[in-house]
Amino acid sequence: MLERLAAAMAIAGGTLLLAIAAVTGINVLLYLADLVAPGRLGIVRGYEDLVRLLVSAAVPLLFPWCELRRGHVAVDLLAERLPRAAQRVLETAGVSLSAALALFLAFWMVQGMLETRADGRVASVLGWPEWPFYLPGILALLLWAAVALERVRKGRPA
């Protein structure tokens, strides 16, 4: 179940990143066309707002899959020389800290979302409320923590 959720989130995040790349490409083409024929097309209205909001939603969606596939950064300069039992302890501690970090970040994202909603913040050009764009990140961080804790529970942190 966790793997399916992580895969679905990664696909959603990748789809959003592809949309960002497409909008960026369109924006660049429109900008270049405007250089050739000034005032005819212009650029994508609210481009900066759109990219900022979509990136904030897309990137965290990749974290659970990364944790599931052990795609996080690890530095094993010292650990590889330790006995296997010591390596497992370090790996378990690292994955546990990863889960704690994800929960910590989720807590503060909820606080930020509530504050943004209470303030009535909207994107400056598009006028879209910003608080809904926190939701994918919060859900992704909770799933990241769940995946990490499941790895620890199963005794397979590495």
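The values are calculated or read from the model by the stated rules, or taken from the named source; none is laboratory data. Bear in mind the structure is a predicted one, so any value in this text is a computation, not a measurement. Note that we place each Cβ from the backbone using ideal geometry, even for glycine, and neighbour counts take in every protein chain shown.
Can you give me the number of residues within the range 19-37 that are part of a helix (DSSP H, G or I), over 20 Å from the mean Cα position of the chain (by Cα) and not aromatic (Phe, Trp, Tyr)? Looking only at that region, the number is 11.
Each row is one residue, and each column tells you yes or no for (1) surrounded by 14 or more Cβ atoms within 10 Å (Cβ to Cβ); (2) modelled with pLDDT of 90 or more.
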| site | (1), (2) |
| --- | --- |
| 4 | no, yes |
| 22 | no, yes |
| 25 | no, yes |
| 43 | yes, no |
| 60 | yes, yes |
| 65 | yes, yes |
| 68 | yes, no |
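Among the residues of the range 89-108, none is identified as among the β-branched types (Val, Ile, Thr), buried (at least 19 other Cβ atoms within 10 Å of the Cβ) and over 14 Å from residue 63 (Cβ atoms). The set of residues from the range 105-129 being β-branched (Val, Ile, Thr) and in contact (Cβ under 8 Å) with a residue 12 or more places away in the chain comprises 110, 116, 125. Going by what's in this entry, would residue 40 be described as in contact (Cβ under 8 Å) with a residue 40 or more places away in the chain and not in a helix (DSSP H, G or I)? Judged against the criteria, residue 40 is not a match. Taken as a whole, the range 67-75 holds no residue that is out of contact with any Phe, Trp or Tyr (no Cβ under 9 Å at 6 or more places or on another chain) and among the acidic types (Asp, Glu).
Write out, first by first residue and then by second, each pair whose Cβ atoms fall under 8 Å of each other, whose residues are 6+ apart or on separate chains, and whose first residue, in the range 75-104, is closer than 30 Å to residue 138 by Cβ while the second is surrounded by 14 or more Cβ atoms within 10 Å (Cβ to Cβ) and of a type in the set (Val, Ile, Thr). Qualifying pairs under 8 Å: 92/152; 95/152; 96/152; 99/152.
All of (1) of a type in the set (A, V, I, L, M, F, W, C); (2) exposed (fewer than 14 other Cβ atoms within 10 Å of the Cβ); (3) at pLDDT below 90 hold for residue 33 with one exception: (2). For the range 123-137, the criterion of being within 24 Å of residue 7 (Cβ to Cβ), touching a Pro at 6+ places or on another chain (Cβ under 8 Å) and assigned to a helix (DSSP H, G or I) is satisfied by at least one residue. Say whether the condition of being in a helix (DSSP H, G or I), β-branched (Val, Ile, Thr) and more than 22 Å from the chain's Cα centre (by Cα) is met by at least one residue in the range 92-113. Yes - at least one qualifying residue is present in the range 92-113. Looking across the range 5-63, the residues that are within 30 Å of residue 141 (Cβ to Cβ) and of a type in the set (Phe, Trp, Tyr) come down to 47, 63.
The condition (being over 14 Å from the mean Cα position of the chain (by Cα) and of a type outside the set (Val, Ile, Thr)) is satisfied by just one residue among 82, 53, 61: 82.
When the test is whether a residue is exposed (fewer than 13 other Cβ atoms within 10 Å of the Cβ) and hydrophobic (A, V, I, L, M, F, W, C), residue 128 does not pass it.
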